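The values are calculated or read from the model by the stated rules, or taken from the named source; none is laboratory data. Predicted model only: the values in this text are computed from it and were never measured. When we count neighbours, we look across all protein chains shown, and the Cβ atoms used for this are built from the backbone with ideal geometry, even at glycine. Remember, those area values only see protein heavy atoms, side chains included, never the ligands or the DNA or RNA. Shrake-Rupley method; radii C 1.70, N 1.55, O 1.52, S 1.80 Å.
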Amino acid sequence: MLAPTSHPWAAGDSLGAYLTKRGVSRRDFLTFCGEMTAMLGLSSALTPKVAAALTAVKRPSVIWLQLQECTGCVESVLRTAEPTIGDLVLDVISLDYQHTLMAAAGHAVEKALADTIAANKGQYVLLVTGSVPTKDDGIYCTIAGRTARDILEEAAADAAAIIAIGACAHWGSVQAARPNPTGAVGVAEIIKNKPVVNVTGCPPIGDVVTATVVHFLTFGRVPDLDPDGRPMFAYGSRIHDQCPRRAHYDAGQYVEAFDDEGARKGWCLYHVGCKGPATFSPCPIFQWNTRTSWPIGAGHPCIGCTERGFWDTMAPFYGRLPDVGGFPVERTADTIGLGLAVGATAGVAAHAIATGIHQARARRKLPVVDIDKKEESGHGQD
Amino acid sequence: MSAPRRPTAPAVKALESRKRFALSHKVAPPKGNYRWVYLWEWPIRTMHWIAVLCIVTLATTGFYIGRPYFMTSGEASSHYLMGWVRFIHFAAAGVLVATAVIRFYWLFAGNQYERWPALFPVRPRDWVNLVKQIKFYLLITPEEAPTYLGHNPLQQLSYTAMYGVALVQVLTGFAMYGQSNPGGFFYATTDWIVRLFGGIQPVHFVHHVLTWWFIIFVPFHLYLAIRADHMERTGTISSIISGGRFVNKDIDYVDSDIV
Ligand code: HEM
Ligand code: SF4
């Protein structure tokens, strides 16, 4: 990407003026607006409106907090093969505070954060990657001596919109997997008095972040969200229902091992643990790295990274159903089920034998009768 | 009925030798004053057999969905195997739900053996009889089974549990079904289940595991029905076909009074 500080977007400049300065043609810009409009699930008739709104938009003040995380989200969002207009919009976003990308260091950085908050109360967009550890007073993630929780609460208090990027900011991700030693939680569990947009995934697709920001810049509000706070335009349907391998699923054609015939033919990965049927995400459409590829496209089953709790609930990643925990030997539900069914059958057979033996014994105790003598039927009147 | 004749000496000897092979004794046919009681009205019997068909279909197709045990080859466009299997699963699920609705109605409209109080062993004597019934099956006191016309407390518990499991199966089934259409009717009405289980994967898991519950139920159910039919000689198995069985007039049945 182009370094954010090399061509600064001056305060007061519109985005249109800034992009012209950066050598972006009107045609490219309109193409970008068209893509964003489509991505947001809006009618193409709205493209001129999006373009007009974006052209006129003044430099937004944006703070990007990185808390307990691995920086993978930053990579996913900012790194592409070549800089796109989306990147430029995101360059803009990284301007005020982004401690990994900022040129400044030390106290200057912390001052930038405080100044931005003070100067733009109620106006800035807050992006957050990473979770917030809550155990032991949050000591497991501190920046400049302050806990992640402290920094987040302060920055969130005056934000116009809060966008939680990635699975960590959504619900805690890998550090929140059982047993969650640091008590990691997502942004929405700390900031309860404001809506939090969860652009989730491990990492999320950069385009979804861009589109969410574009929506905010264009309409002045965040897009429609699902019950888990995820933008509907991106997380509104399952991977399984948009997957290019779906025809193989319906036909009954499955990869059984990663080097088999089915794998070479691009069959469905259901059998090797694909969580596409349990995962809401736009991966098949948006893809990664300027639409180069995505996991299922590359032959790897989906691991369900856009779903809350996926490290626990989607595991094992190469098996369809969760393992039964607590057993020393790894036994799947079916082995146990089959064992019980066989056991039940054997049990009733044993019981039948025991009953037979018991009856035989009981009969021996009965007085001897002439069994060959014809007896009356027991039914009816005696 | 005339008293058995005193056996002659050689006959006694023959009988004595036979006695050692007790299994070869012929069992005397039941004696006494019999009457036929009508227990299961036609809606219950019809529902029973429809449920059997549905559950067999659902378990078979369900396990295929869970682990597709055979595959097709060639062009994907010329096959729709999983598509049809899922279609049959959902269709059978619909039939099962329809019968469940009628069964629910029949909890209030049926006779005393079919109504909802007959499903719950809540009276104090039921608990006493439950213990007796368990002792009976464990062959501790195999001669002293409590006598019920309809279901004994142990049966009440296990059949009511079956209804409960079927309900969970239906709920989890529709929760998975709703996923393909977020915001749709099934999605909206089953969202709480997905939350309750902490994700859709645990829902799949529960749905899958409970299928084994149905399968494990089968040997128990068949065995106990055949056993009762064989030992009590009251035509128990026939009662799910004809609706009734023959019971001894002289026996005081525990549940002849339940409402
Ligand atoms: C006795 C009743 C039922 C049995 C034994 C049964 C069995 C199964 C089994 C074993 C699976 C595979 C689970 C997995 O591995 O993910 C399954 C899947 C499923 N069942 Fe059932 N099921 C029953 C009733 C229902 C009902 C009432 C519905 C309601 C619509 C339903 C809907 C589904 C759905 C949606 C799936 C997942 C299909 C998919 O992943 O595409 N089932 N069932
Ligand atoms: S590869 Fe995964 S998402 Fe695609 S059709 Fe198969 S199971 Fe569904």
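Sorting B:40-46, A:210-216, A:41-47 by average packing, meaning the other beta carbons within 10 Å per residue, from highest down gives A:210-216, B:40-46, A:41-47. Taking the C-alpha atoms only, the angle from helix B:200-232 to the longest principal axis of chain B is near 20 degrees. The relative contact order of chain A comes to 12 percent, based on Cα pairs under 8 Å that sit 6 or more residues apart. Placing a pseudo-label 7 Å from each Cα along the Cα-to-Cβ vector at residue B:53 and residue A:261 gives an inter-label distance of 3.7 nm. For the range A:157-164, putting each phi into the Karplus relation 6.51 cos²θ - 1.76 cosθ + 1.60 with θ = phi - 60° gives couplings of 3, 10, 7, 7, 8, 10, 10, 8 Hz, in residue order, rounded to whole numbers and with x for Gly and Pro. For a 4.7 Å threshold on C-beta separation, the list of partnerless cysteines in chain A reads A:33, A:70, A:73, A:141, A:168, A:243, A:268, A:274, A:283, A:302.
For residue A:61, nonlocal amide neighbours, meaning residues 5 or more places apart or on other chains whose placed amide H falls under 5 Å from its own, are A:125.
Of interest is the spacing of the C-alpha centroids, which for the range B:45-116 and the range B:192-259 amounts to 18 Å.
Counting only protein heavy atoms and a 1.4 Å probe, chain A has 44 square angstrom of accessible area per residue. With +1 on each Lys and Arg Cβ and -1 on each Asp and Glu Cβ, and nothing else charged, work out how big the dipole of the protein assembly as shown is about its Cα centre, in Debye to the nearest 20. Charge dipole of the protein assembly as shown: 2420 debye, to the nearest 20. Look at the stretch A:274-281: the mean tally of other chain Cβ atoms within 10 Å of its residues' Cβ atoms is 3. Annotation: amide H-H contacts under 5 Å for residue A:68 (H modelled 1.01 Å from N, sequence separation of 5 or more, or interchain): A:131.
For residue B:232 and residue A:318, what does the FRET efficiency come to when R0 = 56 Å and r is the distance between their Cβ atoms, rounded to the nearest 0.05? The calculated FRET efficiency here is 0.60.
With contributions of -39500 (n - 2.57) from each DSSP H run of at least four residues, the per-residue ellipticity at 222 nm computed over the protein assembly as shown stands at -15000 deg cm²/dmol.
Among the listed pairs A:21/A:121; B:132/B:249; A:49/A:121; A:58/A:111; A:194/A:275; A:21/A:111, give every one whose C-alpha distance is greater than 26 Å. From the list (A:21/A:121; B:132/B:249; A:49/A:121; A:58/A:111; A:194/A:275; A:21/A:111), the Cα-Cα distance tops 26 Å for A:21/A:121; A:49/A:121; A:194/A:275; A:21/A:111.
Neighbouring Cβ atoms from other chains, within 10 Å of the Cβ of residues in A:161-168, number 0 on average. The Rg/Rh ratio of the protein assembly as shown, with both radii computed over alpha carbons and Rh defined as the Kirkwood radius, is 1.17. Working note: Karplus 6.51/-1.76/1.60 with θ = phi - 60° gives the range A:266-275 the couplings x, 6, 5, 9, 3, 5, 9, x, 4, 9 Hz, where Gly and Pro are set to x. Of the residues A:187, A:98, A:237, the one whose Cα sits farthest toward the positive end of the charge dipole of chain A, with +1 on the Cβ of Lys and Arg and -1 on the Cβ of Asp and Glu, is A:237.
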